Amino acid sequence: MSQAEAARRTPRPLWSLGLLRSEIAMTFRRWRTLALLAVLAGVPVLVGIAVRIETGDGAPGGGGDGGAGGPAFLSQVTHNGLFLVFTSLAVTLPFFLPMSVGVIAGDSLAGEAHGGTLRYLLVAPAGRTRLLLVKYATTLTFCLVGTLVVALSALATGALLFPLGEVTLLSGTSVSFGEGLLRALAIAVAVALSLTGLAAVGLFVSTLTTSGIAAMATTVGLLITVQILDTIPQLDALQPYLFPHYWLSFADLLRDPVYWDQLQKNFGLQALYALVFGSAAWARFTTRDITA
């Protein structure tokens, strides 16, 4: 057997750092991606300015009972600018962050098919399974980058507009600013992980069509529909199985001790969605006729 024949028969690995780097670089060079990141960065600035104007000279604002969610965080922003990070993540998580992820995931394969470049990506050394994994990994990278953009923008805005110092957790315990930063980083990672299920749903939708716009619109439409279902009291038996149901569980990282129950349910649910819809995307993509 010649060396050329042996090379052709050698199984190709399912992973390629070179292909992943190329895909990530291409995704983050697109104007659409940059525009989405700019919007995400702008939300904390607007929230911070609104709170500053509302409180006049930055004096402590009104109520909040210390419970989880955006309003409780918002009442603490004027005491400590670090809480703008938590508030901004709570504000962007229901719509802005998942919408951005839905756009990236929905366009991942459908956009390539619409542009006529998908079949060229499938020639050696790339294969269908490897390309699918790289597309999903790129979407997950955007989940993390988008979340960090929100967090960093909020941290910078909070530092400019409000005082910084010891952080009073939702459980009433005070921790140092350094530990507060570590908890903020942990929360950003938790929020990014919360979007992995949606990323898999978007990837699956992207295998069903050759229109990037249709895939993006369908993914965002599904997101809105599921979130509406999650607010209907009559569907309380179904809601624990909807991927956004535990999104705001990241607030439990601001307790001492940390409440892990809702967080574990969230991560387990995201892993289940990633497995089910990732498998469905693989089954569809590996058997699909690629003509563009």
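Listing for the model above:
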| item | result |
| --- | --- |
| Accessible-area composition of the stretch 141-271, carbon plus sulfur, in percent [1.4 Å probe] | 70 percent |
| Largest to smallest accessible area among Glu166, Glu179, Glu54 [probe 1.4 Å] | Glu54, Glu166, Glu179 |
| Gyration tensor (alpha-carbon) shape descriptor, the stretch 165-244, a/c threshold 1.5 | oblate |
| FRET efficiency estimate (nearest 0.05) - Cβ-Cβ, Thr225 to Arg128, R0 30 angstrom | 0.55 |
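The values are calculated or read from the model by the stated rules, or taken from the named source; none is laboratory data. As the structure is a prediction and not an experimental result, all values here were calculated from the model. Ideal geometry is used to build each Cβ from the backbone, glycine not excepted, and the neighbour counts take in all protein chains shown. Quick note on the areas: whole protein, heavy atoms, side chains included, nothing else; ligands and nucleic acids left out. Shrake-Rupley method; radii C 1.70, N 1.55, O 1.52, S 1.80 Å.
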